[in-house]
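Report on the following structure.
The values are calculated or read from the model by the stated rules, or taken from the named source; none is laboratory data. Remember, it's a predicted structure, so these values are computed and weren't measured experimentally. Using ideal geometry, Cβ is built from the backbone for each residue, glycine included, and neighbour counts are taken over all protein chains shown. Areas reflect the complete protein model, heavy atoms only, side chains present, ligands, DNA and RNA absent. Shrake-Rupley method; radii C 1.70, N 1.55, O 1.52, S 1.80 Å.
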Amino acid sequence: MDEEKVIVIDFGGQYNQLVARRVRECNVYCEIYSYKTEIEQIKKMNPKGIILTGGPNSCFEADSPTCGRELFELGIPVLGLCYGAQLMMHVLGGVVEHAPVREYGKTEVMITADSPIFEQVSKRTTCWMSHFDYISKPAPGFEITAHTADCPVAAAEQKEKNLYLIQFHPEVLHTAEGTKMLYNFVRKICGCKGTWRMDSFVEDSIQKIREKVGAGKVLCALSGGVDSSVAAVMLSEAIGTQLTCVFVDHGLLRKNEGDEVEAVFGSEGPYELNFIRINAQERFYQKLAGVTEPEEKRKIIGEEFIRVFEEEAKKIGAVDFLVQGTIYPDVVESGLGGESAVIKSHHNVGGLPDCVDFKEIVEPLRNLFKDEVRKAGLELGIPEYLVLRQPFPGPGLGIRIIGEVTAEKVRIVQDADAIYREEIANAGLNRNPDQYFAALTNMRSVGVMGDERTYDYAVALRAVNTVDFMTAEATEIPFAVLQKVMSRIINEVDGVNRVFYDLTSKPPGTVEFE
Ligand code: XMP
């Protein structure tokens, strides 16, 4: 596998994992390293190619992330993207300055030279631009291969040295032919054979887990969601009975979910796991009483989880490792995936308390997107109905109840959500949105029911379509289905007199409400 490795050097841009993911889609193994990685370490890895990512800085400013000239003299093909493109020019003697016009969004790019990177790409094509600075003059020896109306150097190269740069973002789907460009780089220019597959990832991860864990005892945080289920089965393949799975029912699960999870992973289910269910509902409700601030709620739920695990670990004795099903979007949105801003501290990541009573945390899915986790799950032989089910966040209904969480509000949102899911399934739409759920707004309003005035809560229905949960669009649920759901919720769920449908996309919204 290693002979085919391409490395992505991270300069803090938003799309860095997307770059890695596109490379994996070309069946080439890929890892991301910080720009601070020593050149000697890079040489030792002997990658087939190097990609420099975008980033928020100006490369000509003194304390901006940078790299040495030597990186371009290793004889390894290098592709610079956006900031990476500007940095390559800056380091090699070109000129980068603040652009007179900021380019942002879909832009037409004109390809003006025969370039291996643009093989099979249309001469005029749409790309995604996002930059303040621009390359006003390429470094000596570089040929300009593409431009846009506002950007004289949209792409350039020095073919003999295999150095390529692209100002726009080929990794983003808005760049219509971007995948072809990355394919051309990794498969043709770097000469990777494209032998990597998801099953190699699974095998390799199992191998790495075995090496890391040795004879140690491992505790797995199993929520029954897709991510932690895939992580648990992967661990159980790797280390069998050294693994204990702990499932905490925090009282913030969907209706009947606790029993469903137990039915699958407990002693009656198909897996040979040490499975422990802990009913900790009261404990969580007490900690959450009176708390309304979303980040505080997330932190409390995350911390309480860890405390419950620690207690369980003590009972088992000498637990060395804790497994978590953290996946890449959790990492990036918690601000740990480079220099991107914190959006939410996702449970399992930013929500961890400072002192955790385990030797180490194992996160085998940390570099994967949701759809890749599902592929890994199928590789592991986990049944489709489990692998393809919609995601459910670690803090559960705690972040679908705006404001204070109480047992009564949990009951309302559980019942409303169960009706919504039932009606979506009845309408044959359950494979249509990628995620859908009911949430409880903290708003109460006046209504009338059976000639009586009501003053009750409003439920919000959400349904989104997305590829990787980094961006999402509201799903067009047929109006008749929404009406049916509305009428059932109002009739069947005490305490609700109004139902909203949330039309917001991500961005500017997020999928969850808190
Ligand atoms: P947001 O709300 O960030 O959600 O747009 C994106 C996806 O992540 C899920 N999500 C979480 N998953 N722990 C998780 O395991 C969390 O704290 C968390 N917050 C959001 C959300 O359900 C959606 O699929």
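The calculated pair-distance distribution of the range 386-482 uses every alpha carbon pair, bins of 5 angstrom beginning at 0, and gives 2, 11, 20, 22, 20, 14, 7, 3, 1, 0 percent. Once the Cα atoms are used to define both axes, helix 198-213 deviates from the longest principal axis of the chain by about 70 degrees. The calculated FRET efficiency for the pair S267 and D371, based on their C-beta separation and a Förster distance of 30 Å, comes to about 0.40. Here the range 111-219 is treated as a Stokes sphere of Kirkwood radius computed over C-alpha pairs; at 10 °C and 1.306 mPa s its diffusion coefficient rounds to 96 µm²/s. Overall, the chain carries a charge dipole of about 660 debye about its Cα centre when +1 sits on the Cβ of Lys and Arg and -1 on the Cβ of Asp and Glu, all other atoms neutral. Normalised by the number of residues in the chain, the average gap of Cα pairs under 8 Å and 6 or more apart makes the relative contact order 11 percent. How far is helix 294-316 tilted, in degrees, relative to the longest principal axis of the Cα atoms in the chain, given as a value from 0 to 90 rounded to the nearest 10? Helix 294-316 sits at roughly 80 degrees to that axis. The range 450-496 and the range 120-185 have their alpha-carbon centroids 45 Å apart. For the chain, the fraction of 1.4 Å probe accessible surface lying on carbon and sulfur atoms is 48 percent. On a 0 to 90° scale, report how tilted helix 226-239 is relative to the longest principal axis of the chain, with both axes built from alpha carbons and the result rounded to the nearest 10. It works out to around 80 degrees. For the chain, the alpha carbon convex hull comes to 167 Å³ per residue, rounded to a whole number.
The residues of the chain have, on average, 42 Å² of accessible surface per residue, using a 1.4 Å probe with all protein chains present. A 1.4 Å probe over all protein chains sorts M449, M181, M198 by accessible area into M449, M198, M181, starting with the largest.
Relative to the 2.2 N^0.38 Å rule of thumb, the range 1-121 has a C-alpha radius of gyration ratio of 1.09.
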